[in-house]
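The values are calculated or read from the model by the stated rules, or taken from the named source; none is laboratory data. Keep in mind that this is a model prediction, so the values were computed, not measured. Cβ: placed from backbone, ideal geometry, glycine included. Neighbour counts: every protein chain shown.
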Amino acid sequence: MLFLAVFCGFLAEIQVEHYIENKREQQYIQALLKDLQSDTASLKRAIKGNYTRENLLDSILTLSNSDLKKSENAQNFVRLFMLSTFTSTHRPSTIAFEQLKYTGSFRLIRGDQGVVDSILQYDKANERLVAHNEFYGDDLNNYWEYFYPICDVKIFRDSTYAIYNARERRMTGKTVPPLHLSQERLTLFTGHATRQVLINAVNRSMMESKLKRAEVLIDFLQKRYHLSK
């Protein structure tokens, strides 16, 4: 009888532990879904901003073929540059994944290796995108560097010429000083602006691929764990 009581107690303990682990697994999956849904919203915004920047860069390249000694063209050239000095990138939501990774809680994910593999593949895509974001940001600094010889950028700090801050970027309409033009300077600048277009397109392609991955993973996890959409 004593053995039976001990054995039954052992079984009860296993059942309780199994219940707790199943509950924790569900909590982690729901947290992952929350991160993924946050990612999809962020990616859509970033992709939209990416297209906006591409249009600005295309416009400044087109304008570079015009006579920039003309005041109107110079004004528009400086305006387009100012508006294009941003990157529209995505920062992944990784709270749930970091908890799974660093607490050893991947063991809680039940036998379906496909779940773990899908999560890990998505994280790898995150790492690649974050690395490219850093490269993209560094290259934006070079975009500025090639503009310095052409324009006295101190005007961006002069509110009579421009409003330039985190919330707003616009020219006031005051005529900008003449540009310091030479064919060599313009060729270097437009070459780097073209490089920015290409890097921008690569970043967008990575974000679009990641958005598809996020949507597929959301659908997969919701079906696998019978969670409502």
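Is region 129-148 home to any residue that is touching a Phe, Trp or Tyr at 6+ places or on another chain (Cβ under 7 Å) and either assigned to a loop (DSSP other than H, G, I, E, B) or of a type in the set (Phe, Trp, Tyr) (or both)? Let's see the steps before the verdict.
Let us first name the residues in region 129-148 that are touching a Phe, Trp or Tyr at 6+ places or on another chain (Cβ under 7 Å), namely 146-147.
Restricting the remaining residues to those that are either assigned to a loop (DSSP other than H, G, I, E, B) or of a type in the set (Phe, Trp, Tyr) (or both) gives 146-147.
Yes, region 129-148 contains at least one residue that is touching a Phe, Trp or Tyr at 6+ places or on another chain (Cβ under 7 Å) and either assigned to a loop (DSSP other than H, G, I, E, B) or of a type in the set (Phe, Trp, Tyr) (or both).
From Arg79, Arg45, Arg24, grab the single residue that is of a type in the set (Lys, Arg), more than 24 Å from Leu129 (Cα to Cα), at pLDDT 95 or above and assigned to a helix (DSSP H, G or I).
Working: Arg45 fails: more than 24 Å from Leu129 (Cα to Cα); Arg24 fails: at pLDDT 95 or above.
Among Arg79, Arg45, Arg24, only Arg79 is of a type in the set (Lys, Arg), more than 24 Å from Leu129 (Cα to Cα), at pLDDT 95 or above and assigned to a helix (DSSP H, G or I).
Which residue pairs have Cβ atoms under 9 Å apart, sit 6 or more places apart or on different chains, and have a first residue in region 117-144 that is free of Cβ contacts under 8 Å to residues at least 60 places away in the same chain and a second that is of a type outside the set (A, V, I, L, M, F, W, C) and in a helix (DSSP H, G or I)?
Asp123/Lys101; Leu140/Gln196; Asn142/His192; Asn142/Arg195; Asn142/Gln196; Tyr143/His192; Tyr143/Arg195; Tyr143/Gln196
Give the residue, chosen from Thr52, Thr85, that is modelled with pLDDT of 95 or more, hydroxyl-bearing (Ser, Thr, Tyr) and within 16 Å of Glu208 (Cα to Cα).
Values: Thr85 fails: within 16 Å of Glu208 (Cα to Cα).
Checking each option against the conditions leaves just Thr52.
Among the residues of region 159-188, which ones are surrounded by fewer than 10 Cβ atoms within 10 Å (Cβ to Cβ) and either among the hydroxyl-bearing types (Ser, Thr, Tyr) or closer than 14 Å to Pro149 by Cβ (or both)?
Thr160, Gln183, Glu184
Output the residues belonging to region 54-76 that are in contact (Cβ under 8 Å) with a residue 60 or more places away in the chain and in a helix (DSSP H, G or I). Show your work before the answer.
Just the residues of region 54-76 that are in contact (Cβ under 8 Å) with a residue 60 or more places away in the chain, to begin with: 54, 57-58, 60-61, 64, 68-69, 71, 74-75.
Selection gives Glu54, Leu57, Asp58, Ile60, Leu61, Ser71, Ala74, Gln75.
Scan region 161-178 residue by residue and report those that are outside any strand (DSSP E or B) and not hydroxyl-bearing (Ser, Thr, Tyr). Full working, then the answer.
Start the filter on region 161-178 by keeping residues that are outside any strand (DSSP E or B), which leaves 161, 165-168, 172-178.
Result: Asn165, Ala166, Arg167, Glu168, Gly173, Lys174, Val176, Pro177, Pro178.
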